[in-house]
1. Of A:Phe337, A:Ser279, A:Asn315, which is farthest on the positive side of the dipole of region A:174-343, counting Cα position, with +1 on Lys and Arg Cβ, -1 on Asp and Glu Cβ, and the Cα centre as origin?
2. Explain nothing, just the number: relative contact order of region A:7-155, from Cα pairs under 8 Å at least 6 residues apart, as a whole percent.
3. Compute the angle between helix A:176-192 and the longest alpha-carbon principal axis of chain A, please, reported from 0 to 90 degrees and rounded to the nearest 10.
4. Considering the options B:Leu32, A:Asn31, A:Phe240, tell which one lies farthest towards the positive end of the dipole of the protein assembly as shown, charges being +1 on Lys and Arg and -1 on Asp and Glu at the Cβ, about the Cα centre.
5. Given contacts defined as C-alpha pairs under 8 Å and at least six residues apart, what's the relative contact order of chain A, whole-number percent?
6. Can you list which of the DSSP-assigned H helices in chain B have a Cα extent of 24 Å or more along the long axis and an average Kyte-Doolittle score of at least 0.5?
7. When Lys and Arg each count +1 and Asp and Glu each count -1, what net charge do the other residues less than 15 Å away from A:Cys318, Cβ to Cβ, add up to?
8. Mind checking the log10 I(q)/I(0) for region B:1-117 at q = 0.16 Å⁻¹? Debye, one equal scatterer per Cα, no solvent, two decimals.
Amino acid sequence: MSIAIPKKIRQILLLAITAFSLRMLYVEGLNILQNTFDFSLLDVFSAILSNSYVTMFMIISDIGIIYLLNKRYCYGRYPFVRLSLEFLSLIIITLISTLMVVDLKSIFSYSTVLTLQVNQVIPVILGCLLFNTIVIVITDIFLYLRLSQKKTLAIEIGKKNKARLQYNKLKRQLNPHFLFNSLNVLDYLVHTDPDRASTFIKKLAANYRYLLNNEEQELVFLHNEIKFAQSYFDLMKERFDKGLEMKMEISDSFHECMIVPCGLQLLIENATKHNIISSESPLRIEVYTESDLIVVKNNLQPKLSTSPSFGMGLNNLCGQYTAMFGKDVLIEKNDRFFVVKIPLLNQD
Amino acid sequence: MGERTKNKYIVKILIHSFAVFHAVSSYVLQSLGQQDAILLTALTIGMIVLIATHFDFPLEVTFALALLNSFAGFYLGTAGAVLLQDYISLSPMCSNVITTFMTTEILGWMTYLIAQYKTRKE
């Protein structure tokens, strides 16, 4: 009858046994070798550490190797690969440090047969091995703690940005200007075109339903966000008519990608808030994809007066992507166009 | 009970239990004239691995902590026993038992402090 041991426990057991074996091997081996070659580890340590060049080399190499390994294999991802590479680096650094400490001429005796003076080399190897092991292990622990702190901070900043974004979303939900303008348009449509008025009310209701349904979501599917952005644009179109144009070209293959809710709508809203809109000089908004980014581009015809909250929604959006997903929102501005590129995320 | 208090309670039980177990093992094995290094090393590594796993340390850091503490435990224990024998004139068995207990407590609480530093929010 076999008992299935979970993978993580097997890995932990293996590492515990390895740590145990290394410790027993080193200390018991050291005792035997100390008796055989008659040396004291403390004296060997003093001799090695008194050589400042060797000490600096060992410390810098050990710390450097851990930082380099961390760039390629972050903690928890490929533990055995990382530990194997650390072990290999430890051996190489130990051998190099030994060569730096030991006088090469004196370790070979010039007799009929060239023999290695092991009684000089072995203690140095053991001393360097222990020193490098301690430095590598301490650096590993220290680096991990530092990265954990950074990660915790990034998560807190992300939460703060998310809370701020949600607060602004809630504000927009109850945004009196948006509601006021929508009701004014509705008032006009009710008298002139009841069918259009009915469609307008349904789209307005759908907008608020989308906002309420996705209040707590970190990400939504792009196809849902596109429908919402289109619906929002349709409401704005009723108000601005020929002064506002939008072209959306997004391939179906991107529809299952994920985006922060109301990200597209925010950019469309920003475009209408900060630019002149008239039938003589229409505001043209283009929405399209570019590799793994969704691009919202509008021609620049800025209003003379800007609202005091200028840039806050966009800043929050950028902050959320950076802190929570580690991705940047790209903003490009020239005399003619204002372009914002939002990263598209995969479901996982 | 808050998360922090619960964690401290669990760690307290773990460390004190292992410290007592270390001391008892050291006493029993020495009474039988046997070497205690193997069992004590295994117990130290076991304690550190349990604490590290409880605080969700990744495998590499758990290994690093286990290795560091096993060496630190050996050298602290050995040096501590010698000090006790020289300065307080205790018997070798007594000094080994006391040093084993204290070393386990020190290593356990140091590991807990490292874990606390990790979980502390900025």
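1. Selected residue: A:Ser279.
2. 28 percent
3. With rounding to tens, the tilt is 30 degrees.
4. Value: A:Phe240.
5. In percent, rounded to a whole number, it is 12.
6. B:37-54, B:59-87
7. Working: positive: A:Lys160, A:Lys162, A:Arg164, A:Lys327, A:Lys333, A:Lys341; negative: A:Asp328, A:Glu332.
That sum, taken over residues with Cβ under 15 Å, equals +4.
8. Cα-only, vacuum Debye calculation for region B:1-117: -0.72.
The values are calculated or read from the model by the stated rules, or taken from the named source; none is laboratory data. In this text the structure is predicted, and so the values were computed from the model without any measurement. Here the Cβ is made from the backbone with ideal geometry for all residues, glycine too, and neighbour counts use every protein chain on show. What goes into the accessible areas is simple: the full protein's heavy atoms, side chains included, and nothing from ligands, DNA or RNA. Shrake-Rupley method; radii C 1.70, N 1.55, O 1.52, S 1.80 Å.
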